[in-house]
Structure formats: C-alpha cells, structure tokens
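Presented below is the structure to which this report refers.
What follows draws every value from the coordinates through simple rules; no lab data is involved. Just so it is clear, the structure is predicted and the values come from calculations on it, not from any experiment. Using ideal geometry, Cβ is built from the backbone for each residue, glycine included, and neighbour counts are taken over all protein chains shown.
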Amino acid sequence: MTLSNTERKIIENSIRDINDFPKPGIIFKDITTLLNDKEAYGVLMNHLYQRYKTYNLDFIAGIDARGFIFGAALAQMLGVGFVPIRKKGKLPYTTISEKYTLEYGVDEVEIHLDAFRDIKNARVLLIDDLIATGGTANAAATLINKTGALCVEACFIMALSFLEGQKKLQEQTEVYSLIEVH
Ligand code: AMP
C-alpha cells in the first residue's frame, strides 16, 4: 500500500521549509503546517492507517518528540498501544538506553524496560517525522529489538535521502518513507 501522487502532493505541499534553522545551512522541515491543515493531516493519517492495518502490529513506538504526534494518533486508529522513545533523562521508570553519534558529539535515547508489557516477540512499528543521518532511528530500532520485541518497520513522513540514513537503517529493519527529498 503506497501513496498516490495526489496524496503525496497534498502532504508535501503542507510541509514548510525554514531556512537556517536551527543553524546556518540547515533547511528545517516544519510539520506544524501539516498538523494544522486538516485535509493534509487527514490524508496522511488515513494513508498510514490503510497501510498498517494489515501488519498485525502490537505497538507503535514514536521518537521524541514529533514521532509522538503521528505515532499516538495512529496507535488509536489501529487499536494498539503506544510507546515513547525519549531523549535521555525523561523516562521515570527503569530504562535501557542507546548512544548514537551526531555531527559533533553523542546523544542518547531511552525506552522503558517493560515498554512492550509481557507480549512475546511484540510486533512494533517505529515512527518519526523525518530521517536525516539515521542515527536517532537506528538507535531507536536497536532499543526495540533489545527489549525482545521485533521492529517490523520504521516509517517516516520525509527522508533526506542524500544523507543516506535509510540505507543504514535497512540493515536492521524495513524502512518506509512517504516523501523522499533528494
Ligand atoms: P537523524 O538522527 O540525523 O536521522 O535526525 C533525525 C531527527 O532529527 C528526527 O527526529 C528529526 O525530527 C530531526 N531532524 C533532523 N534534520 C531535520 C530537518 N532538516 N528538518 C526537521 N527535522 C530534522
């Protein structure tokens, strides 16, 4: 189940480019203009529902923070649970964590040890708004698999394909990006 060209255009046109944010040279893909556009948000969520309703998922895991918006909404539509993967220091219970490298320095994401309850080999969809270098998503997928669950696919509204983050991530899970920026 892939996106029609009309649907892709509606979603693409609703995402705003902000030049030089958060620092010079970065084109920030602003999804707040997708969220406040009920047609575009509806087209997106309906597409995600149609694609994933046959995946037999147990949970959706969203990446801090924009992955929470799409992930939590989709989890409710599919009738499955939602799990947040957060930046270090935000989750209150026992966590496992995974470090990843940034252009300058290191960052870390965490998940609750019991996030997927006691479901054996829970089938999990990972979701975020955008994949750039893939560092965050790779660490997040590793965390899911470390809990004993199975990351069946990672889904992104946008992929900055020129950064090749998807390639790296494909080594540990399936990857689906609605819009590719070359
Ligand atoms: P990365 O780990 O390099 O794949 O970066 C992905 C994370 O950073 C995601 O959570 C994105 O929301 C955010 N991000 C990175 N680059 C951009 C960008 N150009 N526009 C919007 N968000 C971005």
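Structural remarks
- For the chain, the ratio of Cα radius of gyration to the globular rule of thumb 2.2 N^0.38 Å stands at 0.99.
- Placing unit charges on the Cβ atoms only, positive for Lys and Arg and negative for Asp and Glu, gives segment 1-79 a dipole magnitude near 120 debye about its Cα centre.
- For segment 5-181, the residue among Leu163, Leu125, Thr101 whose Cα projects farthest onto the positive side of the dipole built from Cβ charges is Leu125.
- Rounded, prolate or oblate (a/c below 1.5 giving rounded, otherwise prolate when a/b exceeds b/c) for segment 1-88 by Cα gyration tensor: oblate
- Neighbour count of at most 11 Cβ within 10 Å plus DSSP loop: longest chymotrypsin sites (Phe, Trp or Tyr not before Pro)-free window in the chain: 1-92
- Comparing Leu35, Leu169, Leu102 in a Gaussian network model of the chain, where Cα atoms under 10 Å apart are tied by springs, the biggest mean-square fluctuation is seen for Leu102.
- Near Arg86: Cβ cut-off under 9 Å, other residues only, Lys/Arg at +1 and Asp/Glu at -1. The net charge is +1.
- Loop-located trypsin sites (Lys or Arg not before Pro) in segment 1-78, at most 16 other Cβ atoms within 10 Å (DSSP): Lys53
- Over segment 75-173, relative contact order from alpha-carbon pairs under 8 Å, at least 6 apart, %: 25
- Placing R0 at 45 angstrom, the Cβ-Cβ distance between Glu39 and Thr94 gives a FRET efficiency of 0.60 after rounding to 0.05.
- Stretchable slack from Tyr104 to Ser161, in nm (0.36 nm times residue separation minus alpha-carbon distance): 18.5 nm
- Segment 36-124 gives an Rg/Rh value of 1.03, both radii derived from C-alpha positions and Rh following Kirkwood.
- Shape call, segment 69-173: gyration tensor on alpha carbons, a/c limit 1.5: oblate
- Only Lys, Arg (+1) and Asp, Glu (-1) charged, at Cβ; the chain dipole about Cα centre in debye: 300
- Note: relative contact order over segment 1-118, using C-alpha pairs below 8 Å and six or more positions apart, is 16 percent.
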